[in-house]
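**Student:** One structure is given below, represented as structure tokens, and several questions about it will come after.
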Amino acid sequence: MENMLQHSPCQSFGTDCKELITMIKEPQEWPSFATELEKIETLQICFPDFKIIHVPRAQNQLQELFVRSYFLLVVIFRSGYADHLKFEK
């Protein structure tokens, strides 16, 4: 997020994680995440237009498909299975 904010005028982020939104709104209720929440608070201070909004998963299906496909490809290539998929000329 920090790099994106430095190089882009976009200061809005979406997440389908309701807990993250609750954590940001009520950080005192989540002491085990104090370090991470401190970073988010710093971003909010440095970038006044910075915000994270909740995007219901139903509205986020295409992005969800992309992420799942990406992780599947990572698993395939890291397992070495991709070597068996090479085409011979």
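The values are calculated or read from the model by the stated rules, or taken from the named source; none is laboratory data. Please read all numbers here as calculations on a predicted model, not as lab measurements. Positions of Cβ are generated from backbone atoms using ideal geometry, with glycine treated the same way; all protein chains shown enter the neighbour counts. Areas reflect the complete protein model, heavy atoms only, side chains present, ligands, DNA and RNA absent. Shrake-Rupley method; radii C 1.70, N 1.55, O 1.52, S 1.80 Å.
**Student:** Anything in the range 41-51 that is under 11 Å from I24 (Cβ atoms) and in contact with a helix residue (DSSP H, G or I) (Cβ under 6 Å, 6 or more places away or on another chain)? List them, or say none.
**Tutor:** Correct list: F50 only.
**Student:** What tally of residues in the range 50-89 results from selecting those that are open to solvent by less than 100 Å² (accessible area, probe 1.4 Å), outside any helix (DSSP H, G or I) and modelled with pLDDT of 75 or more?
**Tutor:** Looking only at that region, the number is 6.
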